[in-house]
Each structure stands twice: as structure tokens, then as C-alpha cells.
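The values are calculated or read from the model by the stated rules, or taken from the named source; none is laboratory data. Computed from a prediction, not measured in an experiment: that's the story for all the values here. Glycine also receives a Cβ, built like all others from the backbone with ideal geometry; neighbour counts cover every protein chain displayed.
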Amino acid sequence: MSDPYLPPLREVIARHGLQATKALGQNFLFDEQLLTRIAAIPGNLRDKAVLEIGPGPGGLTRALLRAGARVTAIEMDRRCLPALAELAEAFPGQLTVIEGDALKFDPALLFTEPYAIVANLPYNVGTALFTGWLAGEQWPPQWSSLTLMFQQEVAQRVVAEPGSSSYGRLAVLAQWRSTPKLAMKVHRSAFTPPPKVMSAIIHVVPGVAPAGVSMRKLERLTETAFGQRRKMLRQSLKGLPGALDALAALGIDEQRRAETLSVAEFVSVAREMGRK
Ligand code: SAM
């Protein structure tokens, strides 16, 4: 089946008056080759369910539809809805658009099957959405992968290893039961308007959750430990009940700093704290 003709994205923007709004984190992508490469990152999407956050004028959306995905897209800016309706018409039965704030939606209510999440995220809500997806009680989650555009600095924090200045809470949350990879760097000039910083796409697949660890304990532990990252654990964790006892039980030197602990060590400490 050949793809339906679609007008160039710049023409769609001009016709629907979709000038980017800074408050909504709007930086649009127009390069269709780049968009096709991004849509390929999650693997074969033919007949697969995809959740897209922030389709805007629909650049990434059309690449996902051309890849054969069945897309549910949540967009907050109602100015974009007519352009997205045209796209839904061009790909009958493949695109459902929901007008609303993605932070207020529980995607589990939208799908009865596994789905891939793909998004050129609005930077102002990107980390909140991401940590929400990582923090779900149910594991493995219903999402089969996350393919997300972030500011490069945030992407580096997601994949960071112990000892690096980017290593912190986000790295532990993203790595303790998932595998995140830096899939692609995207130059700021690819966006209209170009943001101040470079971007990068992260691809995350869920892994096996270590047994006996509560997400809440791990979150609290990493928040407290990295809250004072330059301090020794003896100091940074002293207000967290059970934390120093857990270090002692595990033989982890309390003179170390949070940034030297591996993800596995954080997991062990959270598990040990949970035994009490
Ligand atoms: N996907 C388009 C692209 O790649 O060109 C647009 C990406 S733009 C960086 C982010 C999009 O997210 C905008 O269309 C914006 O209106 C939308 N958006 C911002 N905050 C949102 C929210 N809380 N929920 C849903 N969409 C949101």
C-alpha cells in the first residue's frame, strides 16, 4: 500500500497558523528523513499500538503512521487539532487524538494491549512524565518501550554511570529495572524554533525488577543521598531511618559519597531498609 500524499509540514503550519508557543515547550521537527529515523528506533511498529505525547503539527506522528503504527496522541494545544484531524483522515483507523494534558492522563486507561511510547517531549514536562512511567507499581509495565527526546544534558543523566557528574537519582530510577540507551543525538538546528541546547533521544526497554525492593524506598533513598551529593553517606543519609544500619549490614563504607554507589548497591540498600 502506498503512503497517502501529505503536504509539507511547513505548509501545514502556515495554513493552520501554528506558530510555536514557548510556554507549551513547542520546538517542531520538519525534516521528514530525521522523523523517519526517529520512528524506526522502537523497531518494527506495523500494527503496534503507540502512545505519542505532544504531536503538535504531526511531524513525528506522520512518520509513526507511515511505519504502520496505530497511534493514540495526546496534545494540549487545541490549535493543532485540525492539522491532526487531516492526518487521521489520511490514515483511516490509525490515529486517535486526545486533547488534554498528558500529565493528567493514565495511559493504562487508554490501552488494553502493550504499547510503545514515542515522543518529542515538551521539555517543561518531559522529566515528570518520564519518572512517572518509570515509577509504576506494575512491572513489567504495560509500555513495551520508551523512545523520548530530551535535552542532551537530561539524556546524559538518564544513562550516566557511577562516578560521573551526571550520575544521580534519574540514572538510578532509569536503570534499576530498565535498560536505557542513548539512541540518537539531535542538533538544535533541526528544530523550529531551535532551542538553546542540544537534544538526544533515549530508548528504554523494561527489564526484570530485582525482588524485594519497593520503588518508593528506592526513590526516597536516592532523593536523600543525592540531595547532598558532595557529602559522605554518613552525613547525607543520617536523617533517613534505617539507611545507615542498612549500609553497615551490607558492608558499604559510610564514608563514600552517593555518586560512587552503583545502581545495584542502591538497590541492595533499599532492599535492606525494607527488611526492617
Ligand atoms: N511532536 C512535534 C514535533 O516533533 O515536531 C511537537 C513537539 S513539541 C517539542 C512538544 C509538543 O507537546 C507541543 O505540540 C506541545 O503543544 C505539546 N505539549 C506541551 N505540554 C503538553 C502536555 N502537558 N500534554 C500534552 N501535550 C503537551
- Query: Based on what the data block shows, is Leu29 closer than 27 Å to Lys196 by Cα, assigned by TED's automatic domain parsing to the domain that holds Pro57 and at pLDDT 95 or above?
  - Reply: yes
- Breaking point among (1) crowded, with 22+ Cβ neighbours inside 10 Å; (2) farther than 29 Å from Val154 by Cα, for Pro55: (2)
- Task: Starting from residues that are β-branched (Val, Ile, Thr) and free of Cβ contacts under 8 Å to residues at least 60 places away in the same chain, keep the ones in the range 173-203 and report whichever is farthest from Ser145 (Cα to Cα).
- Result: Val197
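For (1) among the polar types (S, T, N, Q); (2) more than 10 Å from the ligand (Cβ to nearest atom); (3) crowded, with 22+ Cβ neighbours inside 10 Å, each residue gets a yes or a no:
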| residue | (1), (2), (3) |
| --- | --- |
| Glu32 | no, yes, no |
| Gly43 | no, yes, no |
| Val50 | no, yes, yes |
| Ala67 | no, yes, no |
| Thr72 | yes, yes, no |
- Message: If the requirement is being more than 19 Å from the chain's Cα centre (by Cα) and either surrounded by 20 or more Cβ atoms within 10 Å (Cβ to Cβ) or hydroxyl-bearing (Ser, Thr, Tyr) (or both), which of these qualifies: Ser164, Ser199, Ser178?
- Response: Ser164
- Please find, within the range 98-112, the residue that is nearest to the ligand (Cβ to nearest atom) out of those that are without any contact (Cβ under 8 Å) to a residue 24 or more places away in the chain and closer than 19 Å to Leu134 by Cβ. Lys104
